[in-house]
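The values are calculated or read from the model by the stated rules, or taken from the named source; none is laboratory data. These numbers were taken from a predicted model, which means no experiment stands behind them. All Cβ positions, even for glycine, are placed from backbone atoms using ideal geometry, and neighbour counts span all protein chains on display. Keep in mind that these areas ignore ligands, DNA and RNA; they rest on the heavy atoms of the full protein, side chains included. Shrake-Rupley method; radii C 1.70, N 1.55, O 1.52, S 1.80 Å.
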Amino acid sequence: MLNNLNKDWKIHLKEELDKDYFFNLTTRVNQEYSNYICFPPIDNIFNSLNFCVLSKLKVVIIGQDPYHQQNQANGLSFSVGKDVKIPPSLNNIFKELNSDINKPLPTNGDLTYLSKQGVLLLNSCLSVRMSSPGSHYNFGWEIFTDKIISIISEKKTNVVFLLWGNKSISKSKLIDTNKHLILTSGHPSPLSANRGYWFGNRHFSKTNDYLKNNGLNQISW
C-alpha cells in the first residue's frame, strides 16, 4: 500500500510513517483488502496526495470516508469516475457551483481536474469495506489525516480550508487561522442541504477571492 504514496508526501510524512500506529494501520488495511471487497482500489488509496503535492496545494476539502459501493470511490473526496452516476452530495456541490459562479452542471463527477490545480480532496478515513460506511474508522486513518492537515497548516500560508459538516468542522483546531482561511457550512448531503445548511454558502467564489487577494492563481472550478 505505502509503495503507492509519492515521494513528495513521503518526505513530509516520514516521521509519521515510522510510527507504530501507522504500521498497525497498514497491516489492518492490507488484511481488509485481502479478506473483503474494499474501496477505493488499493492502488488509489493515496490519490488525493499523489495528485496534489504540498508545494502546489492551495485549497483543502475534507470529506469523511470513501463511497462504499462498487466503482464509486477513486481516492478523492466526493469524486467518482467519469462513467459513474453522480452521487447526491456531489450533485449538490455542483448545484452550489452553478448558483455561486454560474458554472454549468457537469456531465460527470470526476474531480481529478481540481486536484491537479492544487485542491487537496482529502477524506478523514482513506478506505472502507463495501456497503459498510465507517467500517475503517478507528484503524488509525484519522490520526494520519489529522497529521496531514497539521503539516499543511504549519508549512504553508494562505490555504483555504473548506470544512463541510460537523466532522470536518472539528478539524478547525488543527489549523492556524492567522495564516489560513477556514470556510464552514453544513454538509452537501441531501439531509443537510435540504434543511438549508448547504446551499448559498458561496464557498467557491469566496475561495477564489481570497486566493486572488493573496496573489495566488484562482481555481477553475
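So, by mean Cβ neighbours within 10 angstrom, what's the order for 48-58, 184-194 with the highest one leading?
Averaged packing, sorted descending, gives the order 48-58, 184-194.
If one puts a single equal scatterer on every Cα of region 136-177 and applies the Debye formula without solvent, what log₁₀ I(q)/I(0) results at q = 0.14, 0.19, 0.25, 0.34 Å⁻¹?
Ignoring solvent entirely, the Cα scatterers give -0.33, -0.59, -0.93, -1.25.
Need one number: the % of Cα-Cα pairs in region 68-140 sitting beyond the 13 Å mark.
70 percent
With θ set to phi - 60° and the Karplus curve 6.51 cos²θ - 1.76 cosθ + 1.60, what are the ³J(HN,Hα) couplings of region 113-118 in order, to the nearest whole Hz, using x for Gly and Pro?
With coefficients 6.51, -1.76 and 1.60, one gets 4, 6, 4, 6, 9, x Hz.
For the chain, give the magnitude of the charge dipole about the Cα centre (Cβ charges: +1 Lys/Arg, -1 Asp/Glu; no others), in debye to the nearest 20.
500 debye
Based only on Cα atoms, what mean projected area does the convex hull of region 103-221 have, in nm²?
If you wrap the Cα atoms of region 103-221 in a convex hull and average its projections, you get 8.6 nm².
With both bridge residues required to lie in the chain, what share of the DSSP beta bridges run antiparallel, to the nearest 5%?
20 percent
Compute the whole-percent fraction of alpha carbon pairs in the chain spaced more than 28 Å apart.
25 percent
Taking a 21 Å limit on the Cα-Cα distance, which of the listed pairs K82/K171; K58/K155; K7/K179; K56/K173 fall beyond it?
Checking Cα-Cα distances, K82/K171; K7/K179; K56/K173 exceed 21 Å.
How big is the Rg/Rh ratio for region 176-217, C-alpha atoms only, Rh by Kirkwood, two decimals?
1.09
Mind checking the per residue accessible area of the chain for me, 1.4 Å probe, whole number of Å²?
Here the residues of the chain average 48 Å² of exposed surface.
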